[in-house]
Amino acid sequence: MDITTLLTNQDLEIILKLFTALILGMSLGIERAIAGKPAGMRTYGLVTMGSALFVIIGILASGGYGSVLGVFTDSSARITAAIIQGIGFIGAGLIFFKDAKVSGVTTAAGIWVAAGIGIAIGYGFYALAVFTTIFALFVFTAIWYFENKLKLLAHLSDDEQE
């Protein structure tokens, strides 16, 4: 018996959604891992895939897939809200205050965005998820570089004034 005979088109779509969520989340996590942050590929991949999974379960439990507009029901809206709240707890655990400095805020915000990417994939909004991933990677890399250059310039100008 061939595996394709055991899986329906809907099953294949769900597998594609979960795999896409995992890949997009892990791509965000690669940058965080390279930067030495506490949440890396596994965390981001699991958050994104888990968010997509909960949306998919909500859709299936409320009657299944129809048109894209018919997918968003009261129960799926509640599941989406619960995902966002739950991710807030994970994000709060990533934020630390030590020696008058706050750290982990960008990683926490990234986890929150990763959940949004997973939610978008769960609802089938692939382009939204891909572009959000690209934008988040831009913030993690290019904006980080720009921000550090600004800090360096600010410190140089402070030294010149003394």
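Check G29, G70 and return the single one that is modelled with pLDDT under 90 and part of a helix (DSSP H, G or I).
Checking each option against the conditions leaves just G70.
For I56, only one of the following conditions fails: (1) at pLDDT below 95; (2) surrounded by 14 or more Cβ atoms within 10 Å (Cβ to Cβ); (3) in contact with a Ser or Thr (Cβ under 9 Å, 6 or more places away or on another chain). What is its number?
Of the numbered conditions (1) at pLDDT below 95; (2) surrounded by 14 or more Cβ atoms within 10 Å (Cβ to Cβ); (3) in contact with a Ser or Thr (Cβ under 9 Å, 6 or more places away or on another chain), the odd one out for I56 is (3).
When you go through I111, I117 one by one, which is the residue that is in contact with a Ser or Thr (Cβ under 6 Å, 6 or more places away or on another chain), surrounded by 10 or more Cβ atoms within 10 Å (Cβ to Cβ) and within 30 Å of I59 (Cα to Cα)?
Among I111, I117, only I117 is in contact with a Ser or Thr (Cβ under 6 Å, 6 or more places away or on another chain), surrounded by 10 or more Cβ atoms within 10 Å (Cβ to Cβ) and within 30 Å of I59 (Cα to Cα).
Can you find, within segment 32-53, the residue that is surrounded by the most Cβ atoms within 10 Å (Cβ to Cβ) among those that are assigned to a loop (DSSP other than H, G, I, E, B) and in contact (Cβ under 8 Å) with a residue 40 or more places away in the chain?
The selected residue is A39.
Scanning for something of a type outside the set (S, T, N, Q), at pLDDT 85 or above and in a helix (DSSP H, G or I), does segment 96-107 turn up at least one residue?
So far as segment 96-107 goes, yes, one or more of its residues are of a type outside the set (S, T, N, Q), at pLDDT 85 or above and in a helix (DSSP H, G or I).
Taking the condition within 18 Å of L18 (Cα to Cα) and at pLDDT below 85, does S76 pass?
Considered against the rule, which asks whether it is within 18 Å of L18 (Cα to Cα) and at pLDDT below 85, S76 comes out as yes.
Would you confirm whether any residue within segment 118-126 is aromatic (F, W, Y) and either under 12 Å from the mean Cα position of the chain (by Cα) or modelled with pLDDT under 85 (or both)?
Looking through segment 118-126, none of the residues is aromatic (F, W, Y) and either under 12 Å from the mean Cα position of the chain (by Cα) or modelled with pLDDT under 85 (or both).
The values are calculated or read from the model by the stated rules, or taken from the named source; none is laboratory data. Every value quoted in this text rests on a predicted model; they were computed, and no experiment measured them. No Cβ is skipped: glycine too gets one built from the backbone with ideal geometry, and neighbour counts run over all protein chains shown.
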